[in-house]
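Novice: Sharing a structure here in structure tokens format.
A short reminder: the numbers here are calculations on the coordinates, not readings from a lab. Note that the structure is a prediction, hence the values are computed from the model and not measured. Cβ coordinates were reconstructed from backbone atoms using ideal geometry, including for glycine residues, and neighbour counts include every protein chain displayed.
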Amino acid sequence: MAHAGKDDQKVLGAERPPGRGGGSGHEAAGESSQAECCTELCGLHLSSCHECLELENSTIESIRCASAEDIPDLPYDAGGGNGVADAGRPERGAGSTSLTGKAPNILLYVGPDAQEAPGRLRQVRSVLADCVDPDGYTLYHLPEESARRDPWPDNCVLLVVAGGEPVSEAVHRRVLAYLAQGGKVLGLASSFVPAGCQLTSRAALQGTVQSLVFSGTGGSPVRLSVLGSGRVYKQGPGEPTHLGQLHGCLDGADQDRLIVHVPVGARGGEAVLCQVHLELPPDSSVVQTEEDFNLLKSSNERRYEVLKEILRALGLRCDAQRVPALTPLHLLPAAEEIRGPLTQWLEKCVAAGGEIKSSKLSLRLVASHTPDMEVTPTALPVVTDPAAFSCAHFDLEIYRQNLQTKQLGKVILFAEVTSSTMNLLEGLMFETPQEMGLIAIAVRQTQGKGRGGNVWLSPLGCALSTLLVSVPLRSPLGQRIPFVQHLMSLAVVEAVRSAPGYQDINLRVKWPNDIYYGDLMKLGGVLVNSTLVGETFYILIGCGFNVTNSNPTICINDLIAEHNRKHGAALAPLRADYLIARTVTVLESLMDTFQDAGPSGVLPLYYKYWVHSGQRVRLGSAEGPEVWIVGLDDSGFLQVYQEGGQVVTVHPDGNSFDMLRNLIVPKQP
């Protein structure tokens with residue numbers, strides 16, 4: 001089946017999408033009030049920018065500035081609200097990730113011990129990173145306070161509990177609740193046990209090398225040398241009638257159980273609990289003698305085999321792939337009118353030595369690339385001859401045909417593989433003329449960035465880009481920079497759903513910066529970093545969304561295939577180059593509309609596609625008062641309706657799992 005965009009000469013999105021009205025009568029009053037607002041609040045605005053925008057512009061806690069413009073009432077959305085959750089889920093082929101709605105996060109809880117936790121975390125993270133598919137999962141530390149308070153159970157595919165200290169009662173309850181809801185737990189020498197199991201001390205086993213017999217889902221038992229924790233599992237009151245298929249016991253007459261596989265509840269929850277140190281390498285400081293080291297070293301390959309079989313039994317993929325090598329960059333004009341300014345800029349750079357340096361990397365301009373040229377994360381050759389460019393995964397002509405902008409996205413800095421597109425442009429954002437409209441595009445990233453320091457997985461099939469835009473401080477959007485992330489996520493959705501025939505593809509926006517399949521699963525996100533220089537914001541908009549890659553969650557072409565199956569349609573799958581160009585085109589149109597009409601010019605379209613219509617959330621905690629989301633305020637924060645009839649603005653509480661959980665009402669000055 002041909003990909004849409006390859007032969008499509010007609011550019012969609014060149015005009016402003018319908019529904020983004022201008023409101024000319026409102027505009028004049030808005031301009032007058034806005035100018036007054038800037039005069040009165042500019043000092044507060046700049047202080048907020050200095051403290052918040054440098055590190056975390058993707059959250060909309062960064063800037064608040066009053067405005068006289070009113071947010072219109074939410075339009076009725078027949079396709080949104082509760083009806084979204086009832087939409088059919090795409091069927092996936094054998095071997096693909098099931099649509100559980102879980103983020104592909106593995107959370108590592110290593111206990112509250114401040115001294116032991118850092119070292120233990122490094123050990124657990126290291127061994128798991130060597131086992132699981134690096135394109136499929138990210139590993140995060142789950143601190144004690146977050147384990148007690150934050151909404152982590154909805155945001156992980158596996159919880160790893162490591163360390164021998166007693167698990168606090170509060171955390172124990174949350175882990176049990178997670179299991180009861182179908183969660184997966186791996187215990188590594190941990191004191192955690194669900195109902196029906198209990199631990200018994202065996203002091204002779206602590207810190208000593210023992211022979212383990214491990215039986216998995218098939219094949220012969222595996223014998224290996226392991227480091228014991230000093231405890232074994234015994235039958236407890238109410239033990240399940242049968243354990244899971246995995247088990248491990250001492251190789252001897254006693255056959256004490258060291259690994260148990262425990263099903264929990266009726267929703268598929270399960271825990272694999274180990275009282276052997278599968279997380280420790282043979283050279284760990286716990287290993288005392290050369291003889292023990294040799295025994296463990298000889299079993300090291302089997303240790304990994306056992307751990308991978310356990311992880312697979314818990315539903316994870318362990319087909320780890322080698323991180324691809326970095327490739328040189330290519331500087332490409334995407335429009336004829338930009339060739340002149342680009343050539344002049346290149347001549348100026350070459351005259352100055354042909355190298356551009358920033359705090360993170362050095363870009364060296366070259367006419368062509370030879371195999372002996374070194375490519376490192378901090379030193380990258382940039383090929384300036386467009387004739388030397390060729391890539392199987394990015395068609396420059398498709399991008400050119402579908403880019404219809406006045407300025408944005410006109411010059412491409414392209415890489416097959418790079419560390420991060422955001423890093424590339426941080427070195428160039430003040431070096432290039434604004435009219436060049438610089439965009440960095442990559443096929444793969446090795447260190448993709450997400451909100452709040454999170455990692456964005458970047459397997460082959462993602463549309464990955466960082467766009468440089470500039471916004472005057474004293475403009476409607478300049479006074480509401482948090483809206484930039486909303487406009488970008490909206491642009492991705494509109495780029496797909498405004499294409500002829502694709503209007504019913506169930507792609508939506510989730511506040512503040514995510515792109516979702518209905519309200520079920522994330523398939524993209526936005527990260528915004530801003531720097532204020534004089535009277536201008538220089539903004540890097542990073543965006544990644546899944547186009548052709550079904551893993552680790554879901555992709556746009558999965559939604560298209562499901563739409564075709566349900567409706568007997570024949571929509572072609574889409575391409576990343578096509579969608580990046582359309583997204584940039586729609587974004588420029590949305591930004592123009594915002595500058596002309598303020599939030600009221602874009603919010604009707606945003607509300608049409610967002611997932612939160614009438615959604616209920618709780619304030620403060622899972623037991624807090626229930627409120628209803630009604631829209632965004634003038635600064636881009638959520639507004640909620642309380643039972644007493646009051647509409648208030650709420651802020652995230654700072655948890656890194658779900659910004660819609662534990663929302664708080666800010667204190668009034």
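Novice: So what J values fall out for segment 360-369 if you push phi through Karplus, 6.51 cos²θ - 1.76 cosθ + 1.60 with θ = phi - 60°, rounded to Hz, Gly and Pro as x?
Specialist: Going residue by residue, I get 10, 7, 10, 10, 10, 6, 9, 6, 8, 10 Hz, with x marking Gly and Pro.
Novice: Students often get this wrong, so check it: of LYS184/LYS308; LYS510/LYS608; LYS360/LYS406; LYS348/LYS410, which have C-alpha atoms separated by over 22 Å?
Specialist: The answer is LYS360/LYS406.
Novice: How big is the convex hull of the Cα atoms of segment 208-295, per residue, in Å³? Provide the component values of the computation, followed by the final result.
Specialist: Working: hull volume 10.7 nm³, N = 88.
Roughly 122 Å³ of hull volume per residue.
Novice: Still on this structure, I have one more. Counting other Cβ atoms within 10 Å of each Cβ, which trypsin sites (Lys or Arg not before Pro) in segment 472-527 have at most 16 and sit in a DSSP loop?
Specialist: In loop regions of segment 472-527 (DSSP not H, G, I, E or B), the sparsely surrounded trypsin sites (Lys or Arg not before Pro) are ARG474.
Novice: Treating only the Cβ of Lys, Arg, Asp and Glu as charged (+1, +1, -1, -1), what charge dipole size does segment 165-261 show about its Cα centre? Round to the nearest 20 debye.
Specialist: 160
Novice: Mind listing P(r) for segment 159-209? All alpha-carbon pairs, 10 Å bins, whole percents.
Specialist: 22, 54, 19, 5
Novice: Would you please give the FRET efficiency between GLU431 and ASP154, computed as 1/(1 + (r/R0)^6) with r the Cβ-Cβ distance and R0 = 25 Å, to the nearest 0.05?
Specialist: So the FRET efficiency works out to roughly 0.05.
Novice: Out of residues 5 or more away from LEU224 or on other chains, whose amide H comes under 5 Å of its own, with H placed 1.01 Å from N in the peptide plane?
Specialist: The answer is LEU212, PHE214.
Novice: So for segment 294-430, taking the charge dipole from beta-carbon charges (+1 Lys/Arg, -1 Asp/Glu), which of ASN423, ILE412, PRO333 sits furthest toward the positive end?
Specialist: Value computed over the given set: ASN423.
Novice: With the convex hull built on the Cα atoms of segment 324-590, state its orientation-averaged projected area in nm².
Specialist: 14.3
Novice: Also, I was wondering about something else. Within segment 299-399, which GluC sites (Glu not before Pro) sit in a loop by DSSP and count at most 11 neighbouring Cβ atoms inside 10 Å?
Specialist: Those satisfying the criteria are GLU374.
Novice: Taking every DSSP beta bridge that has both residues in segment 324-590, what percent is antiparallel when rounded to the nearest 5?
Specialist: Approximately 75 percent, going by the DSSP bridge assignments.
Novice: Nearest 0.05, what FRET efficiency do THR536 and ASN300 give at R0 = 60 Å with Cβ-Cβ as r? Numbers along the way, then the final one.
Specialist: Details: r = 56 Å, r/R0 = 0.94.
It comes out at approximately 0.60.
Novice: Ok, one more. Stokes-Einstein at 25 °C, 0.890 mPa s, Kirkwood radius from Cα pairs: D for segment 105-313 in µm² s⁻¹?
Specialist: The estimated diffusion coefficient comes to 143 µm²/s.
Novice: Report Rg(Cα)/(2.2 N^0.38 Å) for segment 325-380, keeping two decimals.
Specialist: Scaled against compact globular proteins, the figure is 1.23.
Novice: Putting +1 on Lys and Arg Cβ atoms and -1 on Asp and Glu Cβ atoms, find which of GLY182, THR200, ALA170 reaches farthest to the positive end of the dipole of segment 105-313.
Specialist: The residue sitting farthest along the positive end of the dipole is GLY182.
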